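Trainee: I have a structure I would like to understand better, so I am pasting it below and will then ask my questions one at a time.
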Amino acid sequence: MTEPMSSDDVVPVNAHRLQLEKVDLLGADRSVRFRPGFNIIQGHVSTGKTTMVRLIRALLGPVPDALPLAVDHIVGITVDVMIGNRLWGVYRPRTSTSSAPVDVTEQDFGPGREPLSLRLPATGTRDSYSAFMLGATGLPVVSVPESRSKPTGNQTPISMTDWLGYCIVTGDELDTQVFGHQHTFRNIKRRWIFEIVYGYYDAELAQLTSKLRGVQLALAAHDREAVIREKFFQGTPLASATALEQQLQSAIARLGQLGRTGEEDVHVVDDIPEVQRLRQELLSRHSHQAEILARVDRVQGQIKDLQDLHAQLSSQSARMTRAIVADEWLVDFDFIVCPRCGNNVDSARASDHHCYLCLQPARPATSRNDLLAEQDRTVGQIRETAEVLDTRKQDLDRLRAESSRTADEITSLTAELDLKTRVFVSRSAARLQDGAARQAAALAEVSHLREYLGILAKLDDIAAEREELDRQRDEIQAAINAKELRHSGAEENVRALETRMLEYLDALRPPPLGPALTVTINRNTYMPEVWGRSFDELSSQGLKTVVNIAHALAHHTVAIDRGLPLPGLLVLDGLSANVGTEGFDQALANNIYRLLRGVGTEYADRLQLIGVDNSLPESMVIELANYSVLSLREGDRLIKIPAES
């Protein structure tokens, strides 16, 4: 086994470190403090050890289903966890729904700034707690094919749960499976993660493969469409672009000729002399009718003004009558229109001392006789206004009669013009209809031919697009081939894994199955083989446990030494479940704990080990006392259920 590093050696920080510091089970009155390096959880059967392992998985990934009923007493779980070189506080509710929020708060932050605090959904591809854990631990965020037999098939993301498959080994798997290899879906992810960690399948290669798949799907779609087009266009006008161009030019020329013929037909109708005379007369009558209507409007306005003047003079006459009777003098008469001719009168046409009606100097009457004379003059004006009003009404009646006669003339001329043109149209109707039909047919033909040529132009664009896709496919395939040739580095990593696992198995000293211990990682299954036997061929559960421990430890320490992406946490449940307590088995159990303690000391700040067991080897209880972080027993279970009142 590698010698522990001295205190003088500089130990680099593991960028993928995932170290638990304190876990609180809210509602269960349980708090557990972990330490760097090796930690031990021990307890009797059914006291909650495996539940604790499953809750640790829940803190870092999804909440497992079918937890014990006692877990219902837990409200939530909080944890202080060191990720890389940053300390985070996480609160996770016990519920297993994917939408349940997870609160993440930065615990150690520099002065002068607020800690980063996030509330994230438990799962999801973006902005989720799972995505946060991937980013914080610096693990590759990649998607891989769902089926290894179809590398360009549907893609599935590698989640934090998949990475935890290499970090948490439960008691029912430690002596039977290698990171869950007997479960089909988990085994697919296990193999992909192996390739990602050791360099057979890196993040760039995953992106290139995904991009290649998209290009290949697009090319396949183009090929299918090409077959359909060839069958669909066979024997149709779309079969030849040159023939379509010739047909289009011919149709455009024919359409122009038909248009000119129609214009000639219109000119022939306009050239009929009788039709021209009738149209001129009809236009003259319409103009005369418009003048009459304008004069009617003016006369109606004058009549209204005269009616207003007549009413005003009548009112003024009545006032003078009352003044004569009362021996009073009425002054300040205002006239809107002339009482004689009915035209408008402007009061500003004379100065203040002259009458604006007669333009003579104003002379107020001071005697009753003058008032009587003014009354006579006003009565005369009323009479003259009435006469002018009657004249204007007669003019209005005369204009209305003339308008009616003009309207009758317009009707007569219109009917005559319709008759003259109807004779010509009836003679030319068949020819005009035929020309219109031929013009519409030619226009439709031009439109269809242009549409066909547009389709063929799009097909040319599609062909150019396919050529571009071919070029992209070749470039991506070349890049993939170049990356796949870099397996030499991956092989070195795997050989280092084999060497380290052999080193750990030598330290554990399991019962031999052959003359010389050998360790090989199968390059197809990525499963360990010892003494030339696969893991499934090992008959002893105790031997499978030892091989699993050495295999898991080797993965994590090699990843740290060679800077490979793997979370720096390893939980092993059921360390000595299949190892006896006497003789050789006792020595094997001691070797397991000594190996874990030694690795925990060597990688203390880079790899956290948590061993879970029913009891410690009797000969090592004192040696391991300082590594025990949680000791459970029948009277002190993991979850303390309050007594019913």
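Trainee: Starting from the Cα-Cα distance between R368 and C341, subtract it from 0.36 nm times their residue separation and give me the gain in nm to one decimal. The partial results should precede the final answer.
Mentor: Working: separation 27, 0.36 × 27 = 9.72 nm, distance 2.88 nm.
That pair, R368 and C341, stretches by 6.8 nm at full extension.
Trainee: From the backbone phi of the stretch 513-530, what are the Karplus-calculated ³J(HN,Hα) couplings (6.51 cos²θ - 1.76 cosθ + 1.60, θ = phi - 60°) in whole Hz, Gly and Pro given as x?
Mentor: Along the stretch 513-530, the couplings run 10, x, x, 9, 6, 10, 10, 9, 9, 4, 6, 9, 9, 6, 9, x, 10, 10 Hz.
Trainee: On full extension of the chain, what length is gained from S117 through R377, given 0.36 nm per residue of separation minus the C-alpha to C-alpha distance? Could you put the intermediate results ahead of the total?
Mentor: Working: separation 260, 0.36 × 260 = 93.60 nm, distance 10.45 nm.
In short, 83.1 nm is gained.
Trainee: 5 Å is the cut-off here: which amide hydrogens, built 1.01 Å from N in the peptide plane, fall below it relative to G165, excluding neighbours closer than 5 in sequence?
Mentor: none
Trainee: Another one. Counting only residues 5 or more places away or on other chains, whose amide H sits under 5 Å from the amide H of R17 once H atoms are built in the peptide plane?
Mentor: G84, G568
Trainee: Next question. Quote to one decimal, in nm, the extra length available between L67 and D585 on full extension: 0.36 nm per residue of separation minus the C-alpha distance between them. Could you put the intermediate results ahead of the total?
Mentor: Values: separation 518, 0.36 × 518 = 186.48 nm, distance 3.26 nm.
Here the answer is 183.2 nm.
Trainee: Still on this model: If you take the beta carbon distance between D418 and E245 as r and set R0 to 35 Å, what does 1/(1 + (r/R0)^6) give as a FRET efficiency, to the nearest 0.05? Walk me through the numbers on the way to the answer.
Mentor: Details: r = 48 Å, r/R0 = 1.36.
E(calc), rounded to 0.05, equals 0.15.
Trainee: Further, regarding this structure: Here is the link list: K211/K544; K49/K189; K544/K640; K189/K544. Which ones come out longer than 32 Å on Cα distance?
Mentor: As for pairs spanning more than 32 Å Cα to Cα, those are K211/K544; K544/K640.
Trainee: What spacing in nm lies between the two simple spin-label points modelled at H286 and S619, each 7 Å away from Cα in the Cβ direction?
Mentor: 12.6 nm
Trainee: Something else: Would you mind computing, in nm to one decimal, how far apart the modelled labels at T78 and C355 are, each placed 7 Å from Cα along Cα→Cβ?
Mentor: 11.1 nm
Trainee: Same structure, new question: Using Cβ contacts closer than 10 Å as the measure, can you line up W531, W192 from fewest to most? Walk me through the intermediate numbers first.
Mentor: Numbers: W531 18, W192 22.
So the ranking, lowest neighbour count to highest, is W531, W192.
Trainee: Using the Karplus equation 6.51 cos²θ - 1.76 cosθ + 1.60 (θ = phi - 60°), what ³J(HN,Hα) coupling, rounded to whole Hz, does each residue of the stretch 340-346 give in order, writing x for Gly and Pro?
Mentor: Running phi through 6.51 cos²θ - 1.76 cosθ + 1.60 with θ = phi - 60° gives 9, 9, x, 7, 5, 10, 9 Hz.
Trainee: Calculate one ³J(HN,Hα) per residue across the stretch 77-86 by plugging θ = phi - 60° into the Karplus curve 6.51 cos²θ - 1.76 cosθ + 1.60, and present them in order as whole Hz with x for glycine and proline.
Mentor: Per residue, the Karplus-derived 3J(HN,Hα) values read 10, 10, 8, 9, 10, 8, 10, x, 10, 10 Hz.
Trainee: Another question, then. So for the stretch 134-202, Kirkwood radius off the Cα pairs, Stokes-Einstein at 4 °C and 1.567 mPa s: how many µm² s⁻¹? Before the final figure, lay out the partial values.
Mentor: Working: Rh = 12.7 Å.
The calculation lands on 102 µm²/s.
Trainee: Calculate, for S539 and D506, the FRET efficiency according to 1/(1 + (r/R0)^6) with r their C-beta to C-beta distance and R0 25 Å; round to the nearest 0.05.
Mentor: That pair, S539 with D506, gives E of 0.70.
Trainee: First measure r as the distance between the Cβ atoms of Q107 and A218, then evaluate 1/(1 + (r/R0)^6) with R0 = 51 Å and state the FRET efficiency to the nearest 0.05. Write out the running numbers ahead of the final one.
Mentor: Numbers: r = 48 Å, r/R0 = 0.94.
The pair Q107/A218 has a calculated efficiency of 0.60.
Trainee: Out of residues 5 or more away from H354 or on other chains, whose amide H comes under 5 Å of its own, with H placed 1.01 Å from N in the peptide plane?
Mentor: A362
Any read-out appearing in this document is the output of simple, stated calculations on the displayed coordinates, not a laboratory observation. Here the structure is a predicted model, which means the values were calculated and not measured. Note that each Cβ is placed from the backbone with ideal geometry, even for glycine, and that neighbours are counted across all protein chains shown.
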